[in-house]
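The values are calculated or read from the model by the stated rules, or taken from the named source; none is laboratory data. All of these numbers come straight from a predicted model, not from anything done at the bench. Ideal geometry is used to build each Cβ from the backbone, glycine not excepted, and the neighbour counts take in all protein chains shown. Calculation scope for accessible area: heavy atoms of the full protein, side chains included, ligands and nucleic acids excluded. Shrake-Rupley method; radii C 1.70, N 1.55, O 1.52, S 1.80 Å.
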Amino acid sequence: MTEERFETRAIHVGQEPEPITGAVVTPIFATSTYAQPAPGEHTGYEYSRTDNPTRTALQTALASLEGVNPGDSGGCIATSSGLAATGVIGYMLKPGDHVVLPNDAYGGTYRLFAQVFTQHGIAISAADMTDLDSLRAQILPETKLVWVETPTNPMLRIIDIAAVTEIGHAAGALVCVDNTFASPYLQQPLSFGADIVLHSTTKYLGGHSDTVGGALITGSDELLTQFRFLQNATGPVPGPFDAFLVLRGIKTLAVRMDRHQANAATIARFLEDDARVDRVIYPGLEAHPNHALAKRQMLGFGGMLSFIPKGGIEAARRVTSATEVFILAESLGGVESLIEVPALMTHMSVDGTDLEVPSDLIRLSVGIEHIDDLITDLDRALG
Ligand code: P1T
């Protein structure tokens, strides 16, 4: 099955029919513990913080989507949220270590590094990673980790994973790529040399805004062993029902992403031609400064789009309160379209930092509804 294409692996890898009953769908193993025939003798499962069969199925499937198939070195841990996955990486760092972050990233990621990890002796700095010299300038002898997010949240900058990895590795640092916005359907960072891929599975992988989860994937057995040890030692595991929901979500990832990005591209062109809009940011537009890189690095441009309406923050407040199909809410990657003002919602914690976002920026997570209804809704809300 590992030779098959992405869409087939998403439905089958790690998800073979259950051996006892033949159930075609991976069961939700709602159990905390497992009977042992003799002390210390078990079938591979002893306690559900350590391992659970529904979680194992999800981990096997997610690893495969990032190019790590059964039998390959490395693998995946599924975690209780995207930030829990970031937390596991944090546990790998030691006092005195330094981390370089992009100067645009999910606000919660920055908050975890800047307000929690720094309390434990970790130093951080931010670089505009679309400019490799800006990244080089931030590298120190103590740099142990280069954190990449691409496309970035919410400015949708595209970072060259291969180039950043080369710089990080030359400095002896690990490179972790948050692949949440692209999803593995559109971008596979390990294939560009990155050491670790992080996902908030809350988003496109789950796909239905009904669960919170995360994952780390690596091609290295050594890193996987560390992840598994740290997860078991510290406890951020998803329950089996959440693992089931993500597993169900990824079966339809490819078809959903095709529609997400077709709708986003149409909306981008609509907004680009609209006099009520100042600026549209979508990697699929030729005018996007990193368009050529996005074309090279990604299989498509994704379903996220940001724009600045004319009229400043007041216009941003008015438009986001006026849509009816687009729901005003945080998060992204679900089948339903969402709209938000990052400066007032998802990115409040970056206010006054190197990661500050324009106060009048509107972010859209374009869903899979009928495109005509989405355009009508935005047209009406722009007033
Ligand atoms: O919410 P959680 O599952 O913990 O994932 C955190 C996270 C990590 N990485 C990226 C790129 C993200 O966008 C997120 C979460 N983001 C939102 C909730 C949001 O609305 O942007």
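Open to solvent by less than 50 Å² (accessible area, probe 1.4 Å), without any contact (Cβ under 8 Å) to a residue 40 or more places away in the chain, within 16 Å of the ligand (Cβ to nearest atom) and outside the structural domain of A268 (by TED's automatic domain parsing): does that describe L145? When the stated conditions are applied, L145 does not pass them.
Among what's in region 176-213 and is charged (D, E, K, R) and assigned to a loop (DSSP other than H, G, I, E, B), pick the residue that is nearest to the ligand (Cβ to nearest atom).
Among residues in region 176-213 that are charged (D, E, K, R) and assigned to a loop (DSSP other than H, G, I, E, B), the one nearest to the ligand (Cβ to nearest atom) is K203.
With respect to D210, is the statement that it is acidic (D, E), under 22 Å from G71 (Cβ atoms) and surrounded by fewer than 24 Cβ atoms within 10 Å (Cβ to Cβ) true? Spelling it out, it is not the case that D210 is acidic (D, E), under 22 Å from G71 (Cβ atoms) and surrounded by fewer than 24 Cβ atoms within 10 Å (Cβ to Cβ). In region 107-136, the residue that is farthest from R157 (Cα to Cα) out of those that are open to solvent by less than 40 Å² (accessible area, probe 1.4 Å) and in contact with a Gly (Cβ under 9 Å, 6 or more places away or on another chain) is G121. Listed by position, the helices (runs of 4 or more DSSP H) enclosed by region 249-346 include none that has at least 1 residues that are within 16 Å of the ligand (Cβ to nearest atom) and free of Cβ contacts under 8 Å to residues at least 24 places away in the same chain.
Taking the conditions exactly as written (open to solvent by less than 10 Å² (accessible area, probe 1.4 Å) and at positive phi), does G333 satisfy them or not?
Considered against the rule, which asks whether it is open to solvent by less than 10 Å² (accessible area, probe 1.4 Å) and at positive phi, G333 comes out as yes.
Being acidic (D, E) and either assigned to a helix (DSSP H, G or I) or within 16 Å of the ligand (Cβ to nearest atom) (or both) narrows it down to one of D51, D72, D104, so name that one. Criteria check complete, one pass: D104. Applying the set (1) within 13 Å of the ligand (Cβ to nearest atom); (2) out of contact with any strand residue (DSSP E or B) (no Cβ under 6 Å at 6 or more places or on another chain) to L216 leaves exactly one unmet item: (2).
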